[in-house]
Amino acid sequence: MGILVAIIVLSVLIFFHELGHFTAARFFGVQVDVFSIGFGKKLYSRMIGKTQWSISAIPLGGYVKMKGQDDTDPTKKSFDADSYNAKKPWQRIIILLAGPFANFLLAFILYFAIANLGVPKLLPYVGKVGADTPAMQAGLLKDDKLVQINGKNIQYWENIGKAINDTQGNVSLIVERQQQLVTLEIMPKVIDDQNVFGEKITRRIIGISPLGKQTTVHFGLVDGLAYAWDETKKASLLIVESVQKLITGVVGADKLGGIITIVDVTSQASSAGILALFFFTALISVNLGVLNLLPIPALDGGHIMFNLYEMITGKEASEKAMTYITMIGWALLLALMLLGLYNDINRLWGAH
């Protein structure tokens with residue numbers, strides 16, 4: 001069941017991406033010959049207008065084939081009025097950007113749905129106070145509720161770490177204890193830690209863990225839109241930073257996941273409930289949007305670079321150069337996919 005959900009999720013993400021390209025292409029009067037979810041043998045096809053809508057056997061992507069555009073052979077061009085090549089470079093760039101934009105939009109919609117379904121938040125109640133920690137030395141007790149840190153109101157547990165790390169020196173806490181407010185002064189301890197990318201960092205801690213009291217926050221329309229915007233922005237920056245760390249070698253190539261990892265994690269998310277599935281689907285959608293903007297010739301970003309070159313120089317790149325660069329792009333993309341698959345198999349092998 002989990003694998004089926006994962007395939008459906010991937011298909012929805014691909015559909016939205018290609019629908020972005022399709023919508024922009026039709027807006028500029030470009031004929032779309034094929035709209036396919038998946039690659040390889042067509043399992044189902046239907047002609048609607050001049051477009052063949054298809055579901056193909058290998059659900060690892062999809063494509064929109066526009067008149068006059070052929071990624072497998074850049075020399076095949078048409079300059080009819082309704083062809084992709086007949087459009088101005090800026091129009092082509094918008095068509096290319098529309099796919100990734102659709103993925104960011106889908107993520108935004110999913111985060112907005114999450115905001116209305118209700119976001120689970122831990123309340124700032126102290127559970128365990130670590131032995132010989134600044135919190136214990138200052139007299140912080142189990143069941144204390146943190147109300148303020150250095151004058152900043154604390155609504156949820158997630159606010160505590162940032163409030164402590166945003167300060168220097170002593171931290172002034174106001175806690176609610178047995179319906180009374182108590183003020184405590186604490187000098188946080190500086191520890192060595194790692195961030196999400198495995199880089200060494202230092203952070204300030206006081207030595208407490210949450211009690212586990214939880215609430216569900218339902219956002220209104222305006223707050224829900226703000227939440228969706230913030231989460232989409234955070235997810236986008238996380239993916240961009242991840243790619244940057246991968247390219248610079250901070251994150252090892254062995255951390256790159258392929259389709260098996262995506263299916264596996266999507267399957268796990270679906271079993272954890274609709275919220276977890278929405279969160280993960282939004283993250284994968286942003287991931288798809290960001291990765292497609294990379295300047296690799298086989299991706300949207302590569303085609304955008306060709307069109308920017310044409311806008312700046314006033315002439316197209318030579319057919320020979322485009323053919324070679326496109327071939328290199330496909331080789332690089334295939335190498336990344338194979339590396340992801342190799343890492344997936346290694347993880348599965350190591351798990352048994």
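Values quoted throughout were computed directly from the atomic coordinates according to the rules given, and no laboratory measurement underlies them. Fair warning: this is a prediction, and the values are worked out from it, not measured in the lab. Don't worry about glycine lacking a Cβ; one is built from the backbone with ideal geometry, like all the others, and counts go over all protein chains shown.
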Review point. Taking R0 as 56 Å, what's the FRET efficiency between residue 48 and residue 243 from their Cβ-Cβ distance, rounded to 0.05?
Key: 0.95
Exercise for review: Give me the number: length gained by fully extending residue 12 to residue 189, i.e. 0.36 nm times residue separation minus the C-alpha to C-alpha distance, one decimal in nm.
Suggested key: 59.0 nm
**Study point:** Full-extension gain in nm, residue 165 to residue 226, via 0.36 nm per residue minus C-alpha separation
**Key:** 19.5 nm
Exercise for review: Given a cut-off of 32 Å, name the pairs among 121/245; 213/233; 41/245; 189/245 whose C-alpha atoms lie farther apart than that in the structure shown.
Suggested key: 41/245
Check your understanding: Cα gyration tensor of the stretch 138-202, axes a ≥ b ≥ c as square roots of the eigenvalues: rounded (a/c below 1.5), prolate (a/b > b/c) or oblate?
Key -> prolate
Point to revise | Sequence of 46, 26, 204, 92 once ranked by neighbouring C-beta atoms within 10 Å, starting from the fewest | key: 46, 26, 204, 92
Review point. If Lys and Arg each add +1 and Asp and Glu each add -1, what is the summed charge of the other residues whose beta carbon sits under 14 Å from the beta carbon of residue 125?
Key: +2
Review point. Which aspartates and glutamates have a Cα less than 19 Å from the Cα of residue 67, not counting those fewer than 8 places away in the same chain?
Key: 18, 33, 80, 82, 300, 316, 319
Check your understanding: Roughly how many nanometres apart are two label points built 7 Å out from the Cα toward the Cβ at residue 39 and residue 209?
Key -> 4.6 nm
Exercise for review: Would you mind computing the Rg to Rh ratio of the stretch 1-95 from its alpha-carbon coordinates, Kirkwood style for Rh?
Suggested key: 1.01
Check your understanding: By counting other Cβ atoms within 10 Å of each Cβ, how are 183, 23, 51 ranked from fewest to most?
Key -> 183, 23, 51
